[in-house]
Every structure is written in structure tokens, then in C-alpha cells.
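Structure, as C-alpha cells:
Please treat every number below as a calculation from the coordinates, not as lab data. Quick caveat, the model's predicted, so the values are computed rather than measured. Cβ placement follows ideal geometry from the backbone for every residue including glycine, while neighbour counts extend to all protein chains displayed.
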Amino acid sequence: MMARSNILNLSEFMQGLIKRNPGEKEFHQAVEEVAASVIPFINERPQYIENQILERMTEPNRTIIFRVCWEDDRGNIRINRGYRVQFNNAIGPYKGGLRFHPSVNLSILKFLGFEQTFKNSLTTLPMGSGKGGSDFNPKGKSEREIMRFCQAFMTELSKYIGEHLDIPAGDIGVGVREISFMFGQYKRLKNEFTGTLTGKALEFGGSLIRKEATGYGCAYFTEEMLGHQGDSIEGKTCLVSGSGNVAQFTAQKLIHLGGKVITLSDSSGFIHDPDGLNNEKLEYIIDLKTNRRGRISEFAEKFKCKFYKDKKPWSVKGDLAFPCATQNEIELSDAKQLIKNGCKALSEGANMPTTHDAIDALNKAKIIFAPGKAANAGGVSVSGLEMTQNSIRLAWQREELEQRLKNIMHDIHQQCINYGTEKDHIDYVKGANLAGFVKVAKAMLAYGVI
Ligand code: NDP
């Protein structure tokens, strides 16, 4: 006999989760967004309630926390905290990025790992979910300091990952340079050459299109959403935040598709370029942020446009908004500005950049809203394709990979339509949450009680 009520209540469920995970506010926020869509769905399907699938899905399979000791250029010993949250491996090995940023803590990594469960499920590829990283701040560190940190971090992490077990990738503060240092160390420690990290350089198993994939995918997803309404990106004014990996390639694909990108930002403020970015300006940004690690204000000086210190770009008038920097960067007041200025759609390039109350306001105003777990799934999708190429020891051409990425974004959009169609609009949050949930839940049910 099952000893459980067959109705789940959102606020009771959240109270239990908060009690079990005190102080983890980002994790609570991510779970609440999913639970609000999933609970009404599972209340009509008792097998999910009886088997406590949502309770199990909100508890990571394993959380690893470790000390990372390294030496800086002046010979000082430095100590950081390293993490890997192996969230769910029901449909494939753990897969998700590593973030190096001073704000990293367990709550942020659990929210990211939890979101990754649904995102990876939506990609149609066999990938479970995980996330990791460190409170290490790469800003202002020398190349050798970054190398020593990455090697020390991997010395411990290598015990818990593997090509069939857990395959990390990049995220904020972790690009191809950091992945290369970590991959080199992993290879040295394990004495083998396997595709245990993705986002590698092309010379040693990396995939074409990987660095572009999250941003390109975000633009393709937006084109799908607008196309569903008989509209397109062509001729639209676009507000992009961030100027890192996701922002750069979201902007590039938006420009390819005929959009006009007029803002970018970093943690010090935003630039407004009313003429719009072009290839020359974008190349400058990519070099500035990826190679020279400079500040976005340098763009404003070079191209004679305005820089707004410590401000976000959401007060600028635009048709489409693409938050591509970090979590909770669009709050209610920002959403109100976007609505007032006639914004038509918002696509999350970053993970959870929009707060709950901001999403509610956008929904009420009938602004098309794409959650990150759908809109930014292109990155992990091409990481999945990198794993496949590593396994078969082949490298696919750019055209083939870009076509596969496009197809995946189309399929994700279709799944959102299948599960999120309401009377007068598509609820992409509900669609992505339910489609992502069902696949993982079916696998967990099939395994029995584990
Ligand atoms: P990068 O490190 O390449 O760039 C991050 C950008 O965001 C930088 O412009 C950075 O500014 C800005 N930023 C970071 N933290 C803050 C903050 N607290 N306030 C304001 N601006 C901030 O990271 P990515 O582009 O890889 O990641 C961006 C987002 O996209 C994250 O949410 C990540 O989880 C998500 N994502 C990334 C994927 C990927 O493939 N890389 C895949 C899916 C999602 P500054 O230069 O000043 O630090």
C-alpha cells in the first residue's frame, strides 16, 4: 500500500523543500518555477505522486564539495572551495558546466544543476544533469595563476568525473582557456585520452560551433517563436545584456537574421549604440572580452557611443530582449520598462535571468517569454554532439553541426508547443517544464525505487 496522499500542494511542497535546503534562495526559486507547472500535471497522474518523482527530482543524486589549494605568483597559498553537484542521471551521464565566479555557492549550483535536468531532457540527447565550479575569481589573475588553479581544481574533480559518468563543460568564467588547462590535467592524471570535458579546443577533440552554440541556439529559438506567430527577427531592434560567450554569439546570429543589436553590458554597466552592432564592432567585442579581458566601457570610447555605468540595458526601447549575463538580472521594475517600451518577446540566453514577479508581469502583458532551459539549450546540445564525435573519433563539418543545432532548437520549440499550448497563447515555461519533466520521470519510474 502507498502511504501518500494523491494530491500535491505547491505551497506545502515548497515549505518542505525550503526546510530541507535552508537559505538556498536561488535553488528555491528554480524549483518553485518548475513545481508550479508540474504539480497540476502530476496531480492528474497518480503514479508520479505515489512514486514521489518530484521529491526525488529535487534532491541531487550526489553533492561533492572540496578544498582547492594553489599558489599565486607571489608565492602566497590561496584556498578556494570547489563543487560538483551530480543532479540526475536517469537519462544519461551527468552533464553541465563549471562556473568560476566569486558568487558561486551551493544554492547557485543546485539551481543550475536542477534547471539542467529539464534542459538536457529537452535537447532530445541522452544527457543527465550536473553543475559545478568554484568561488575562484579569474578577474585580474595571470595566465599562470589561472593554470595553477585549474590544475589544482581538476586534481580533486578528476576523482568524480569520466566519459561515461560525468562530463563537465564551461559556464561563467570558464571558456576554452580554462577547459584546456583542466583537460590537460585530467589527461595527465588519468593517463588516457577521452572526451571527459566538452568545450575543448578544436585541435584536441573540440567541436566546431560549440562556442557559438548557446547564442546561435537562442537566436534560432526566438526565430521559431516569432515564426509561429507569422513574424521574424528581420528588422527588429534587439537589447542584449552581457558581453561574454552567450551574449557575443546571440548578437552575431541576431545580426545574421536581420536584427539590429543596440546594447551589450558587463558587470560595470551597459553600452547603447543606436546605429547597431556590425561585424567589425562584434569582432572588437570578442577580442576585448575573450582575449584582452577588458571592460565594456572601452567599446563606448572606441565607437563613440554612450556608456551607462552600473546600469542595465532594459530601459532602452527595443522590440526583443535577450538577457545573456547572469541570474536575476531582470527584476519587476526592468520588466515594467520593457513592457512600457513595447517589447514583443524576451528570450533567456542566461540561466534564470528573470525573477518570478517579472515573468508574471511579462505574461500578463502577453509578451512572448522563452525560459532559459529551452532558449539556451543549444550550448549543451552541441556539447552532446561533441561527446558523440569524441566517441566515434570523428569531427563533423560546420554546416552539418549548424544544421543539427537548428533541428534541435526546432524540436525543443515543438515540445514546448505540444505541452504549453493554451487557448490564446503558448506558455513556453509550462511547455518546457512539462516536456523536460516527462522524459526524466518516465525513466525514473522504470527504474523502480532508487
Ligand atoms: P561569460 O563568463 O562568458 O560572460 C558572462 C557575462 O555576464 C560577462 O559579460 C559578465 O561581465 C556578465 N556578468 C557576470 N556576472 C554578472 C553580474 N553579477 N552582474 C552583471 N553582469 C554579470 O559567461 P557565459 O556567457 O558563458 O554565461 C552567461 C550566462 O549564460 C550564464 O547565466 C550561464 O549560466 C548561461 N549559459 C551559458 C552557456 C554556455 O554555453 N556558456 C550555456 C547555457 C547557459 P564581466 O565581464 O564584467 O564579468
*When the chain is fully extended, how far beyond the present Cα-Cα distance does Lys317 get from Asn191, taking 0.36 nm per residue of separation?*
39.9 nm
*Can you pull the one-decimal nm distance between simple spin-label points at Phe303 and Ser333, each 7 Å off the Cα toward Cβ?*
2.8 nm
*Using helices alone, what [θ] at 222 nm do you get for the chain, with -39,500 (n - 2.57) per DSSP H run of 4 or more residues, divided over all residues and rounded to the nearest 500?*
-15000 deg cm²/dmol
*Would you mind telling me which residue in Leu202, Leu338, Leu264 has the biggest mean-square fluctuation in a Gaussian network model of the chain, where springs connect alpha carbons within a distance under 10 angstrom?*
Leu202
_Zone residues, region 158-189, relative to Asn291, backbone N less than 16 Å from point 7 Å out along Cα-to-Cβ_ = 176-177
*With springs only between Cα atoms under 10 Å, which of Ala251, Ala300, Ala435 fluctuates most in a Gaussian network model of the chain?*
Ala300
*When the chain is treated as a GNM, springs tying every alpha-carbon pair under 10 Å, which of Ser103, Ser232, Ser265 comes out with the largest mean-square fluctuation?*
Ser103
*Calculate the length of the line joining the C-alpha centroid of region 338-363 to that of region 386-450, in whole Å.*
22 Å
*If you take the alpha carbon radius of gyration of region 403-450 and divide it by 2.2 N^0.38 Å, what ratio comes out, to two decimals?*
1.38
*For region 375-450, run through the GluC sites (Glu not before Pro) and keep only the ones in DSSP coil with at most 15 other Cβ atoms within 10 Å of their Cβ.*
Glu422
*Past the 27 Å Cα-Cα mark, which pairs from Lys131/Lys406; Lys253/Lys373; Lys141/Lys304?*
Lys141/Lys304
_region 266-292 residues near the modelled Ser232 label - backbone nitrogen below 17 Å, point 7 Å along Cα→Cβ_ = none
